[in-house]
Each structure stands twice: as C-alpha cells, then as structure tokens.
Amino acid sequence: MKVLRTIPEVREFREGQGKVGFVPTMGAFHDGHLDLMRAAKDSCGRCIVSLFVNPLQFGPHEDLSKYPRQEERDFEMASSVGVDAIFAPNVDSLYGNNQTLVSVGGPSENFEGSRRPGHFQGVATVVLKLFNIVQPTEAWFGLKDLQQCAVLNRMCLDLNLNLQLRFLETRRDERGLARSSRNAYLTEVQREKACELHRTLNSLSQATSDSSLKDLRRMITSASNHLAIHEFEVEYLDLVDPVTFESPEGSLQGCHWIVATKFHGVRLIDNVAVGHSRLLAQ
C-alpha cells in the first residue's frame, strides 16, 4: 500500500488505473470503515482512501484538536483489507490559500445543518476537492451519517459529477451500537447502556409500518421521554425522507428515523430505515 502526501502524487498514482473506488475518511478507523474499503475494492478492483481531519467542518465550539488521530494504526488496518493507496495530506497541501466554499441547499438546511452552522459547507468543500483530485469511479459512504449522504447525493446531482455514490448500511457492534470514532470516549458500561438508542429506533421503525403521519408527534414524544429516562439528552428525533431530509409525504416506507443525543457528554447520532431506504433505492 502506498502512502501519498501531495496532490501530484495522487494524480500520478491514479493515472492509468482504470476503475477506482474511493473512501473519504477522517481516520480513527473501525469496522465500518473497513467494510467500505472492502466494498470499494471488490467493486472496482482498486481502492484509494483519504485520511484527513478536515478543519472546515468543525464549528467554533467543537474541539478539532481532540479528534482521535492514530495514523500508523490506520495505515495498518487499511493495508490489511487490500487498500492500494492512502492519501494523507496536511492542511496546507490540501487547502493552501483556498478561497472557495461549496454550499449545498435542500438537505443541508435542517437538523445537523442548523445545529452545526458551516458543517456541511465544510464537508461538501473537502469532498468535492477530493473527488477532483482522486477522480474516482465510485465513492463509498456509510449510512450512519445519513444527512451527510443526502447532502453529497444532492451535490453530485446538481453539479453533474461523473462518479457513482455508493452507500453501505451502518456497521454495528454485537449489541447494536453504531460504530463510531466517538465511541472511544465512552466506558464499556456506558457503551452497553448506549445501545438503548438503537433499540428505541428499531421499535419506532417497527411501529411506523402500521402508523400514519398524525401518529408521529405522539411517537416522537413518547420515544424522547423514554430516552431521557435512560440518560440521553435528545437534541432531535424525527422521521424524514432520506433524500430531501424533509418530513415525509404519503407513504412512510423508505423513510428514516433519525436521532442526535448527548450521552455522558458524548454526541451520538443514529438512524434506522422503515423498510428499504429510499436513498438506497435511487
């Protein structure tokens, strides 16, 4: 596996490679990342991974310096699943005197977008830059960050990007907790208790198939109260269309229950589809 640090190195490596699957990451790899790398490799034959903790997507009250960094371990993990190259630039080499930002309307505006101003602008900017540098055939993302997937899907459609976005279901531990780099901030006992988040979303998903739009407010209130009893501070809990990130219209099938909470000081997000996700069905 090659480690590439500069844009010219990536372009030289990419030349003549044919199909390439790409997995953009901020490092601190876990099984969910490795699933994406395997899928990209299996689908395209070649896999490039980016490892870059993107300062543009961190808000003024989000501590960029505390984001977990374990570069050598990440390199070993990526190599173990057959990744061909990792692009691991520093901030100056990727951004330089960057004066352009990418703003995506629609699905970026609510939930994470309203609570973390500038976050999706930072995500869209870095991902578009990486797409232009790597020129992938396919780019792979996990559905745990569902709103990010919706924003990037909108960006690719609106800007007519010549690649295919591919999404994988959320990787979970044996108890149902979504794999996340932030889980490292929880103790083993806290991780066990945090699994109640997924159980609650599953219960909502199962109940939704027999519900109507008028039942949703009652379901949201009941589930929020239940999570509060289990030590979760709920920021939002709602049912959305995963393509538009707006309230569903008509059938609830293919929509997602989404949630963001604070649990013992750690921010956790998760989502569960009602049936087969509309985002995957596109």
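So residue 142 fits all but one of (1) without any contact (Cβ under 8 Å) to a residue 60 or more places away in the chain; (2) within 22 Å of residue 180 (Cβ to Cβ); what number is the exception?
Every condition holds for residue 142 apart from (1).
Residues checked against (1) buried (at least 19 other Cβ atoms within 10 Å of the Cβ); (2) more than 12 Å from the chain's Cα centre (by Cα):
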residue	(1), (2)
118	no, yes
126	yes, yes
131	yes, yes
143	yes, no
157	no, yes
184	no, yes
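Out of 123, 151, 134, report the one residue that is aliphatic (A, V, I, L, M), out of contact with any strand residue (DSSP E or B) (no Cβ under 7 Å at 6 or more places or on another chain), outside the structural domain of residue 241 (by TED's automatic domain parsing) and under 22 Å from residue 88 (Cα atoms).
It is 123.
Does the range 157-166 include one or more residues that are at pLDDT 95 or above and assigned to a helix (DSSP H, G or I)?
Yes, the range 157-166 contains a residue that is at pLDDT 95 or above and assigned to a helix (DSSP H, G or I).
Enumerate the pairs (first residue in the range 255-280 and more than 17 Å from residue 149 (Cβ to Cβ); second residue anywhere and aromatic (Phe, Trp, Tyr) and surrounded by 21 or more Cβ atoms within 10 Å (Cβ to Cβ)) with beta-carbon separation below 9 Å, excluding pairs fewer than 6 apart on the same chain, so at least 6 apart or on different chains.
So the pair list comes out as 261/232; 262/232; 263/232; 268/232.
Run residue 175 past the list (1) outside the structural domain of residue 59 (by TED's automatic domain parsing); (2) out of contact with any helix residue (DSSP H, G or I) (no Cβ under 8 Å at 6 or more places or on another chain); (3) among the basic types (Lys, Arg) and report the number of the one that doesn't hold.
The one condition residue 175 does not meet is (2).
Of all the residues that make up the range 167-178, how many are surrounded by fewer than 18 Cβ atoms within 10 Å (Cβ to Cβ) and either out of contact with any Leu (no Cβ under 7 Å at 6 or more places or on another chain) or in a helix (DSSP H, G or I) (or both)?
5
Could you go through the range 203-222 and let me know if any residue there is within 30 Å of residue 27 (Cα to Cα) and in contact with a helix residue (DSSP H, G or I) (Cβ under 9 Å, 6 or more places away or on another chain).
No, the range 203-222 has no match at all.
Can you report the number of residues in the range 181-194 which are outside any helix (DSSP H, G or I) and out of contact with any helix residue (DSSP H, G or I) (no Cβ under 7 Å at 6 or more places or on another chain)?
Qualifying residue count for the region: 1.
The values are calculated or read from the model by the stated rules, or taken from the named source; none is laboratory data. Here the structure is a predicted model, which is why all the values come from computation and not from measurement. Note: ideal-geometry Cβ built from the backbone for every residue, glycine included; neighbour counts use all protein chains shown.
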